[in-house]
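Worksheet: the structure to be examined is printed underneath.
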Amino acid sequence: FPGLADVSISQDIPVEGEITVPVGSHSPDEDYSTLDEPVRDTIMRDLKAVGKKFVHVMYPRKSSTLLRDWDLWGPLVLCVSLALMLQGGSADSKDDGGPQFAEVFVIIWFGAVVITLNSKLLGGTISFFQSLCVLGYCVLPLTVAMLVCRLVLLAGAGTISFIIRLIVVMAMFGWSTLASTAFLADSQPPNRKALVVYPIFLFYFVISWMILTFTPQ
Amino acid sequence: IVCLVMYLFAEFDDAANLLAANPDATTISIDEPVETPKNQHSRLKEPGREEDDELLGTDDSDKTELLAGQKKSAPFWTFEYYQTFFDVDTYQVLDRIKGSVFPVPGKNFVRLYIRSNPDLYGPFWICATLVFTIAVSGNLSNFFIHLGKPTYHYVPEFRKVSIAATTIYAYAWLVPLALWGFLMWRNSKVMNIVSYSFLEIVCVYGYSLFIYIPTAILWIIPQKVVRWVLVVFSLCLSGSVLVMTFWPAVRDDNRRVALATVGTILLLHALLALGCLAYFFDAPELDFLAPVIPAHNGTTVTTKSQ
């Protein structure tokens with residue numbers, strides 16, 4: 001190349017630098033460094049993530065924490081505790097009683113999967129597990145309602161207790177639906193929002209119905 | 001051909017007879033990715049219909065081989081294939097529901113609302129809502145009927161939800177399958193002018209079940225007369241939607257076959273309604289208002305019945 005014939009690196013301009021790339025704290029690959037940490041740290045980190053999500057559900061703002069770092073621990077814990085609290089219900093367990101443990105489990109998980117599929121089929125941009133995560137975490141208000149209902153039922157099962165339970169369950173049902181809608185609505189195409197919100201409403205309505213109709217033996 | 005089609009569609013608003021003069025408008029099947037050019041032109045030139053999404057040139061009208069990117073051409077194992085069955089907006093679903101509740105005499109539900117964009121959203125979620133509505137209403141109604149009795153202990157009757165789900169989903173999917181098979185078989189014997197694809201039949205059945213949702217809620221009222229009036233009323237409405245949809249499809253067949261088909265459709269529909277009423281809702285024993293029909297089983301006289 002003729003033009004480069006007279007290009008040379010002069011001796012007094014040193015070429016130097018570092019070859020190694022420092023592993024900064026902003027590196028996304030933390031997995032390499034978490035292998036050596038104590039188990040307690042690992043568990044606490046996950047617990048803190050779950051706890052933070054619980055707080056986000058109780059005070060729903062349009063934050064993307066729930067959406068970005070999804071996990072299914074919270075939904076699992078909520079589902080199991082809700083299903084356990086719905087046990088010990090009325091009458092003989094063989095027929096016409098309350099829902100069995102497996103039925104509650106199946107309704108919650110299968111319902112969440114169906115709603116996620118529905119929103120994806122309608123053109124939503126949210127990922128499958130993110131949606132499952134949001135729907136599962138938003139069961140938290142209803143689990144709280146179940147706890148309150150059981151406590152109220154300990155005190156008596158009359159009309160007043162029913163009215164208290166009704167108000168609590170309705171309030172929590174509204175809270176759940178609003179919380180999940182706040183998180184999920186943005187990822188839907190605008191002219192189909194109602195089509196996506198309605199199944200969520202139905203889902204939490206069914207869970208609320210199971211909670212409200214729980215009668216102890 | 002275009003002029004002929006334009007003429008035909010200028011008279012689209014007239015009586016159902018003219019539906020027969022329109023040969024190819026509903027010959028739609030999922031398996032055939034190619035529509036006749038007549039169909040394409042006809043939909044673009046249709047004046048002022050409610051579902052004017054076609055006039056806006058959405059992907060629904062890309063059905064001829066003239067245009068690339070046909071709808072429903074994705075292979076069935078991809079997600080996009082199933083997305084084509086959910087290609088509806090909120091207002092479209094609401095329009096279809098409205099059309100099933102207020103049937104216009106002479107207007108065909110499939111032709112008017114589905115218009116070769118059958119969706120699975122409506123049938124699926126209407127069935128789901130109906131399942132839970134019937135279960136919840138039945139439970140509530142039994143609770144109110146047996147309320148005063150000392151031996152009554154409330155049970156949520158959760159078993160019945162699975163029974164309701166099986167029944168309603170079986171009705172909404174297996175009956176259309178049988179009907180579609182039957183219509184296809186008759187089509188091979190008799191040249192029918194109007195034929196429907198399987199999804200369109202599922203759509204009609206799904207949307208026609210919508211009227212039962214408010215009916216089930218009103219069935220909570222523990223009055224025999226009220227319940228029977230409701231049954232008859234909702235049966236008339238949804239039955240008429242079904243009849244007006246399927247009569248043009250069997251009209252050209254043997255008279256007896258046509259009548260038997262439509263009769264069977266109505267009979268199954270009635271059986272569903274009456275079966276749900278009988279199984280999920282206990283018979284009211286007391287008439288709380290002035291009894292129009294004397295209660296045969298009314299042994300307990302309460303101060304409420306005046």
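Every read-out reported here was derived from the displayed coordinates using simple, explicitly stated rules and does not represent laboratory data. Since this is a predicted model, take the numbers as computed values, not measurements. Here Cβ is always computed from backbone atoms with ideal geometry, including for glycine, and neighbour counts include all displayed protein chains.
Ranked by the mean number of other Cβ atoms within 10 Å of their residues, highest first, the peptides A:171-184, B:224-237 fall in the order A:171-184, B:224-237. Highest average first, the peptides B:99-106, B:241-248 ordered by how many other beta carbon atoms sit within 10 Å of their residues are B:241-248, B:99-106. Peptide A:119-128 has a mean of 3 when you count, residue by residue, the C-beta atoms of other protein chains within 10 Å of its C-beta. Here the convex hull built on the C-alpha positions of the range A:97-216 has a volume of 91 cubic angstrom per residue. Summarised in one figure, the compactness ratio Rg/Rh of the range B:190-288, Cα atoms and Kirkwood Rh, is 1.08. The mean number of partner chain beta-carbon atoms within 10 angstrom of a residue's beta-carbon across peptide A:203-213 is 3. Pairs over the 26 Å Cα-Cα cut-off, from the set B:98/B:189; A:193/B:160; A:193/B:107; A:53/A:193: B:98/B:189; A:193/B:160; A:193/B:107. Relative protection proxy for B:197-203, A:67-73, from highest mean packing down: B:197-203, A:67-73 (other beta-carbon atoms within 10 angstrom). Peptide B:158-165 has a mean of 4 when you count, residue by residue, the C-beta atoms of other protein chains within 10 Å of its C-beta.
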